[in-house]
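Structure first, then comments.
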Amino acid sequence: MLRYILIALGFLLSLLPVPILREICRICGIIFYCFFRKRRRVIFSNLSHVFPTFTTAKIHRIARIHSFRLAELGIFSLISPFFSRARMARHFNLHGDWTTFRDGLVNGKVPQLLLIPHQTLTEALVFLPHLLNLPKDAWSIKVIYRPFSSKSMEKFIHKSRERFGVRLLSRKNGLVEAAHAVKNGECVGVLFDQDAGQSGLWMILCGRVASTTPLPEVLCKGVQVNVLAVYTRRRGFLRASFENEVLDGGGSGVSHSMNAWLENMLQNDSLFRSDWLWSHRRWKRSEREVLNLRVAKSQLVESCRCHGWVELPKNFRIFIRMANWLGDIVMAIPIIRAIRRSRPDAHITVLCRQIYAKWLQSLPWIDSVRVLPEKGFGYFRGIVRLRKQLPDLHILFTNSPRGDLEAWLIGAPMRIGLLRSPLGKRLLLTHRTLLGHGERKTAHQTHRWYQFLRKFGLDEGLDLSPIGTHAPVENELVIGFSFGKNNNSAKCWPTAHWEQLAHLICERHSHARIVLFGTEKDMDEADEICNRLEKSRFLNFTGKTSLGTFARLLKKCSALVSIDSGGMHLANGLGIPVVALFGPTDYRLSGPIYDAKTICITSPSREMSSIRPSSVLEKLGQILEKN
C-alpha cells in the first residue's frame, strides 16, 4: 500500500509547475526548521563544530537553507521516477572532463570506485549513464546503499533508481558481489559520508572523531583502482551539474583521501557546503561506547599524523553538572580524571556554584567552568543561555529535579544520570541507570558513579592518587581542625570535645600550632576555643577563606582532624593526613577515597558525642608517626 501511495503522490507532484513545487518546498522547509527541534539541533551542532568561527547568524542562515534542501530532496525522490529523458536533460548535465571515466566503463580494464557524498540531488546520479551516452550492455555501475526495512519502500527505490541501468547492492548482502565487481574491472559506487557505526574506521573528520565506512579500503585492497569523487553541483531548484575529481591514495590511503577531500569541500566550497546534508548525525557514537575511544578499528593516530597534530583536538563537548557540596565535588574528581583519559578528544565543561569555580578551573582535567546563575527569577533564563554551547553529552552527578530540568533546558542529545532507587524516574534525562541492590547499599559514592558511567563505555580505571602535593611547614607541627557546621548537625562534634582535644594537643606537643577552619557558622565555636586556651597557639581562619585559600592553607598542615565534611574530603584529596570522625554516616559509603594517610573513627552508638577526645589524640599520634 505504501508503495502505491508514494507512486501516486510522486506522479501528482510531477505534474505541478516548478514554481509551485518550489513553494511547497519552502513551506515544508519552514515547518521542518520551526517544529523538528531535535533534528534542527543536530544541524546546529554539526555546523558549530565544523565552523567554529562562523557567527550565529551565519549558522542559522545555513541551517535554514538546509531545511529547504531537505524538502527539495524529498520532492525529488518522489517525482524523479516520472522524469522523461527530455526533462532529465533539461535539469541535469555533465561538467568537466568525463572522458577517462567513460572509457574506463566501456573498456573495463581498470576498475573504478566512485565515492559519492550525500547531497540534495545525489539521487540524480542514477541518470549518469544516460548523460554519458553509454552503449547498452557495454558497462556496469553498481552502487552500495543502505536498504529499507519496508519491502514496499525497497521496491519503490529499486524501480526508480535502476531504470537507467545502475544496479543497487544492499549493504547487508551485496558486499561480496561488489568486491567481485571491482576485481572484474567494473565500477562500484559508495555513499561514503554517513556514520558507519561500530563497524567503521574511527578517524578525524573536520576536527572531530567520526566513524568512516571501511568499504573503500576493502574494495581497493590488492587491486589497482581509479578512485573518483562524484558529486552534484546545484545550479538551481531541481537542477544540477555532475562533476568528478580523481582522488590520490589507494588501499589504506583511500579513507584519508576521501575524508580530506570532503573537509576541503565543506570548508572552501560554499555551494557544496549549503548542499551537504547536515541533518545526518555524522559524528554520533554508540550510547554504550560514548565515553570510550578504545576501538579495534581506529585510525586516529594516522589521522592526527595526516593533519600534523600532536594530540586529538578537543571537540567532543561534555557538560558535567557537579553536586552542590564540596565533598561530593572532591569525590567526583577521580571520575573526571577517568573520562579525560577515556575520551582524550573531549572538551570537559563543569557546571558548578560560584564558590567552587576558581578552584575547579585550576584542575588540569577540566577545560572550562560555567558558573550556575544565582537562584531567583532569572535562574533558568541564565541556564537557557548555555544551550548555545551545544554539548554532545550531559553527565549529572546530582540527583535532583532542578539538575534534571537544567540539563533538559541546555538540551544535550544525551543526558545521563544515576537512579538512587527502583522508584526513581528522572524523566527529563534521556538515559538513566539503576545499579544493583548491593552496589547501591555498600559501594562508596565514587565507585557508584564509576559503575554508572561504565555502562556508557568508561573503561579507564580510577586514579585515586591525591590531586595536589602535601607541603607541610618544615620543622613545625601544624594541626588543622575542620568543624563543618554547614552539614547535618548530627555529624558535628561537640564544642567541648574540640576544646579538650586542643588542650590535649597543646599539653603533649609544646611546639604545636592549631589552625581552625570552617564557615561563618563556625566562627562562634572557634572564638570560644581560642578564648579559653592560649591564643598564641591558634590561627583562626573560620569564615575568612575562599576555597582556593582553604586548599593552600590545608597543604601547610601536618594533619587534619575533621568531621565528615567537605573539608575532610578536600584534605584527603590534597594528600594531607586526616583523622576523620564519623557518627550517623558510614565511612565506607562517603569516607575519604584518595590514597592518602587516613584514620576513620566511628561511633558505635552513631552519636558523635561518644567519640572521646583522648581516642582522637591517640589516632592523631599514630598518623603523625606514619607521616
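Just checking, which of ILE65, ILE116, ILE144 is closer than 22 Å to ARG233 by Cβ and either free of Cβ contacts under 8 Å to residues at least 12 places away in the same chain or not assigned by TED's automatic domain parsing to the domain that holds ILE27 (or both)?
One residue alone meets the criteria, ILE116.
Which residue out of LEU21, LEU6, LEU70, LEU15 is within 26 Å of MET153 (Cβ to Cβ), free of Cβ contacts under 8 Å to residues at least 40 places away in the same chain and not assigned by TED's automatic domain parsing to the domain that holds LYS388? Walk me through it before giving the result.
Numbers: LEU21 fails: free of Cβ contacts under 8 Å to residues at least 40 places away in the same chain; LEU6 fails: free of Cβ contacts under 8 Å to residues at least 40 places away in the same chain; LEU70 fails: free of Cβ contacts under 8 Å to residues at least 40 places away in the same chain.
None of the others qualify; the one that does is LEU15.
Being surrounded by 16 or more Cβ atoms within 10 Å (Cβ to Cβ) and under 40 Å from the mean Cα position of the chain (by Cα) is the filter here; which residues of the stretch 493-533 pass it?
PHE517, GLY518, THR519
Given the conditions (1) at pLDDT 95 or above; (2) part of a helix (DSSP H, G or I), and given that SER536 satisfies all but one, which numbered condition is not satisfied?
SER536 satisfies all of (1) at pLDDT 95 or above; (2) part of a helix (DSSP H, G or I) except (1).
Within the stretch 293-301, can one find any residue that is in a helix (DSSP H, G or I) and farther than 20 Å from TRP261 by Cα? Working first, answer last.
The initial filter retains those residues of the stretch 293-301 that are in a helix (DSSP H, G or I), namely 300-301.
From the residues that got through so far, the ones that are farther than 20 Å from TRP261 by Cα too are none.
No, the stretch 293-301 has no match at all.
Which of the residues spanning the stretch 304-327 are within 14 Å of the chain's Cα centre (by Cα) and closer than 13 Å to ILE395 by Cα?
Listed by number, the residues that qualify are ARG317, ILE318, PHE319, ILE320, ARG321.
Counting only residues that are out of contact with any strand residue (DSSP E or B) (no Cβ under 8 Å at 6 or more places or on another chain) and within 19 Å of GLY543 (Cβ to Cβ), how many does the stretch 472-521 have?
Of the residues in that region, 8 qualify.
Among the residues that make up the stretch 427-442, is at least one of them among the small types (Gly, Ala, Ser) and either touching a residue at least 60 places away in the same chain (Cβ under 8 Å) or within 27 Å of LYS555 (Cβ to Cβ) (or both)?
Residues of the stretch 427-442 that are among the small types (Gly, Ala, Ser), as a first pass: 436, 438.
Narrowing the set further to residues that are either touching a residue at least 60 places away in the same chain (Cβ under 8 Å) or within 27 Å of LYS555 (Cβ to Cβ) (or both) leaves none.
Within the stretch 427-442, none of the residues are among the small types (Gly, Ala, Ser) and either touching a residue at least 60 places away in the same chain (Cβ under 8 Å) or within 27 Å of LYS555 (Cβ to Cβ) (or both).
Given the criteria farther than 30 Å from THR542 by Cβ and crowded, with 17+ Cβ neighbours inside 10 Å, does LEU462 qualify?
Judged against the criteria, LEU462 is not a match.
I'm checking my understanding of the structure. Among residues of the stretch 493-527 that are of a type outside the set (D, E, K, R) and touching an Asp or Glu at 6+ places or on another chain (Cβ under 9 Å), which one is farthest from THR585 (Cα to Cα)?
Residue satisfying both the conditions and the ranking: HIS511.
For the stretch 440-450, give me each residue that is in contact with a Ser or Thr (Cβ under 9 Å, 6 or more places away or on another chain) and either not in a helix (DSSP H, G or I) or not assigned by TED's automatic domain parsing to the domain that holds PRO344 (or both).
HIS444, the sole residue that qualifies.
Search the stretch 539-551 for residues being in contact (Cβ under 8 Å) with a residue 40 or more places away in the chain and assigned to a helix (DSSP H, G or I), and hand back the single one that is surrounded by the most Cβ atoms within 10 Å (Cβ to Cβ). Steps first, please.
Taking the stretch 539-551 as the starting set, the residues that turn out to be in contact (Cβ under 8 Å) with a residue 40 or more places away in the chain are 542, 546-548, 551.
This time we only want the ones that are assigned to a helix (DSSP H, G or I), so: 547-548, 551.
Working: LEU547: 17, GLY548: 14, ALA551: 19.
So, considering only residues that are in contact (Cβ under 8 Å) with a residue 40 or more places away in the chain and assigned to a helix (DSSP H, G or I), the one surrounded by the most Cβ atoms within 10 Å (Cβ to Cβ) is ALA551.
Restricting the stretch 157-205 to residues that are in contact with a Pro (Cβ under 8 Å, 6 or more places away or on another chain), under 21 Å from HIS130 (Cβ atoms) and not aliphatic (A, V, I, L, M), which is modelled with the highest pLDDT? Break it down stepwise before answering.
First, the residues of the stretch 157-205 that are in contact with a Pro (Cβ under 8 Å, 6 or more places away or on another chain): 159-160, 163-166, 170-172, 181-188, 190-193, 196, 199-201, 204.
Right, trim to under 21 Å from HIS130 (Cβ atoms) and you get 159-160, 163-166, 181, 186-188, 191.
Checking the rest, the ones that are also not aliphatic (A, V, I, L, M) come to 159-160, 163-165, 186-187.
Working: LYS159: 80, SER160: 81, ARG163: 83, PHE164: 83, GLY165: 84, GLU186: 87, CYS187: 90.
Applying the filter and picking the extreme gives CYS187.
Which condition does ALA580 not pass, out of (1) free of Cβ contacts under 8 Å to residues at least 60 places away in the same chain; (2) within 24 Å of ILE335 (Cβ to Cβ); (3) outside any strand (DSSP E or B); (4) aliphatic (A, V, I, L, M), if it passes all the others?
(3)
What residue, of GLY403, GLY417, GLY411, GLY376, is under 20 Å from the mean Cα position of the chain (by Cα) and on the phi > 0 side of the Ramachandran plot?
Going through GLY403, GLY417, GLY411, GLY376 in turn, the sole match is GLY411.
Within the group VAL350, VAL301, VAL330, VAL369, which residue is modelled with pLDDT of 95 or more and over 22 Å from LEU393 (Cβ atoms)? I'd like the intermediate steps shown before the answer.
Details: VAL350 fails: over 22 Å from LEU393 (Cβ atoms); VAL301 fails: modelled with pLDDT of 95 or more; VAL369 fails: over 22 Å from LEU393 (Cβ atoms).
Answer to the check: VAL330.
Which condition number in (1) touching a Gly at 6+ places or on another chain (Cβ under 9 Å); (2) surrounded by 16 or more Cβ atoms within 10 Å (Cβ to Cβ); (3) closer than 23 Å to LEU620 by Cα is the one that ALA490 fails?
Condition (2) is where ALA490 drops out.
All but one of (1) among the aliphatic types (A, V, I, L, M); (2) crowded, with 18+ Cβ neighbours inside 10 Å; (3) not in a helix (DSSP H, G or I) hold for VAL110, so report the exception by its number.
For VAL110, the failing item is (2).
Could you say which residue among ARG426, ARG387, ARG381 is in contact with a Gly (Cβ under 9 Å, 6 or more places away or on another chain), at pLDDT below 95 and in a helix (DSSP H, G or I)?
One residue alone meets the criteria, ARG387.
Take ALA57 and tell me if it is without any contact (Cβ under 8 Å) to a residue 24 or more places away in the chain, surrounded by fewer than 17 Cβ atoms within 10 Å (Cβ to Cβ), of a type outside the set (Asp, Glu) and not in a loop (DSSP other than H, G, I, E, B).
Working: without any contact (Cβ under 8 Å) to a residue 24 or more places away in the chain: yes; surrounded by fewer than 17 Cβ atoms within 10 Å (Cβ to Cβ): yes; of a type outside the set (Asp, Glu): yes; not in a loop (DSSP other than H, G, I, E, B): yes.
For ALA57, the condition - without any contact (Cβ under 8 Å) to a residue 24 or more places away in the chain, surrounded by fewer than 17 Cβ atoms within 10 Å (Cβ to Cβ), of a type outside the set (Asp, Glu) and not in a loop (DSSP other than H, G, I, E, B) - is met.
Name every residue in the stretch 193-228 that is surrounded by fewer than 16 Cβ atoms within 10 Å (Cβ to Cβ) and on the phi > 0 side of the Ramachandran plot, in order of residue number.
GLY197, GLY222 - these are the residues of the stretch 193-228 that are surrounded by fewer than 16 Cβ atoms within 10 Å (Cβ to Cβ) and on the phi > 0 side of the Ramachandran plot.
Look at the stretch 229-266 and say how many of its residues are in a helix (DSSP H, G or I) and either surrounded by 22 or more Cβ atoms within 10 Å (Cβ to Cβ) or in contact with a helix residue (DSSP H, G or I) (Cβ under 8 Å, 6 or more places away or on another chain) (or both).
Residues meeting the conditions: 11.
The values are calculated or read from the model by the stated rules, or taken from the named source; none is laboratory data. Please read these numbers as outputs of a predicted model, since none were measured by experiment. When we count neighbours, we look across all protein chains shown, and the Cβ atoms used for this are built from the backbone with ideal geometry, even at glycine.
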